[in-house]
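These notes are about the structure you will find just below.
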Amino acid sequence: MPKKQSLAPRKAIDRKRMARALKTWRGFDKGARRPDVERAYNPDLAYANYVRYLGTDFIQFLRARKSKVRRMNVFDAGCGKGSFLSHVKNEFGEGVFTEGLALAHFKSKGIDRLHVGHIDKFKLPKRKYDLVVSHAGATFYSFDPLARTGEIIDALKSGGDAFLDYSSRLDLAELKALCASKDVALTVTRSNRYYTAVHITKTIRARKKVPA
Ligand SMILES: C[S@@+](CC[C@H](N)C(=O)[O-])C[C@H]1O[C@@H](n2cnc3c(N)ncnc32)[C@H](O)[C@@H]1O
């Protein structure tokens, strides 16, 4: 029988080099910085995936909201080629203003305003959106999903909703505590070791009566 060849000795890990590399590591976004990569994101199935993984029929959901507001603001954090927003735009036309965030610039008819940048460096406006969604997008890839969720909650109008998903970076107990401290309702729609999807509702606060 031929003698088994011994394996080459494993290279010792250069910990200093590794630590240096981690400091500048850009995460999962590396390949998505190009417009052609953005455009390639699952164009036809994207809306169906949002419904499936975020657990809501968004067109029905927005129809119900539309009866209460004149114009809805919808934000997709990590919008890919904008298929979700295009779907919403097709349905509601001028009744909706669609905004997306992505790592690369590209053109899409369904997006009224495209922001280009990393969610961890992006400044969200306050009390602007009726709906914020993020499917396999910015909250999933953020290095600080909890802080980003706090900002998303602040970006919701009173009565607005966010449907977000996260990777295993998220600590669900911390998210629950955050939502309790911000006085918003949290429903966990899916959760396992690697993936969490949630629905956050910012309930409408009754206005305090000013004594006459
Ligand atoms: C896998 S694609 C998903 C696209 C779309 N949400 C869908 O489900 O079809 C990831 C999207 O999130 C964006 N993205 C990833 N990491 C991000 C980050 N840190 N900040 C902002 N956007 C990010 C990418 O640019 C891309 O548009």
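Here, each number is a calculation from the coordinates, and none is a lab measurement. These numbers come from a predicted model, not from an experiment. Positions of Cβ are generated from backbone atoms using ideal geometry, with glycine treated the same way; all protein chains shown enter the neighbour counts.
Annotation: amide H-H contacts under 5 Å for residue 156 (H modelled 1.01 Å from N, sequence separation of 5 or more, or interchain): 127, 128, 129.
Looking only at segment 67-212, where both bridge partners belong to it, what percent of the DSSP beta bridges are antiparallel (to the nearest 5)?
On the way: 12 of 30 bridges.
If we restrict to bridges inside segment 67-212, about 40 percent are antiparallel.
Measuring against 22 Å, Cα to Cα, the residue pairs 89/157; 89/128; 68/107; 89/123; 123/182 contain 68/107; 89/123 as the ones spanning a longer distance. A simple packing score, the average count of other Cβ atoms within 10 Å per residue, orders the peptides 158-164, 191-197 as 158-164, 191-197, with the highest score first.
Trypsin sites (Lys or Arg not before Pro) within segment 127-168: which are DSSP loop residues with at most 15 other Cβ atoms inside 10 Å?
Values: sites: 127, 128, 148, 157; in loops: 127, 128.
Those satisfying the criteria are 127.
Remark: segment 45-184 carries a charge dipole of roughly 520 debye about the Cα centre, counting +1 on each Lys and Arg Cβ and -1 on each Asp and Glu Cβ. Between residue 187 and residue 69, full extension at 0.36 nm per residue minus the direct alpha carbon distance yields a gain of 40.1 nm.
Return the FRET efficiency for the residue pair residue 91, residue 167: r is the Cβ-Cβ distance, R0 is 25 Å, and the value is rounded to the nearest 0.05. Mind showing how you got there, number by number?
Numbers: r = 30 Å, r/R0 = 1.19.
Efficiency for this residue pair is about 0.25.
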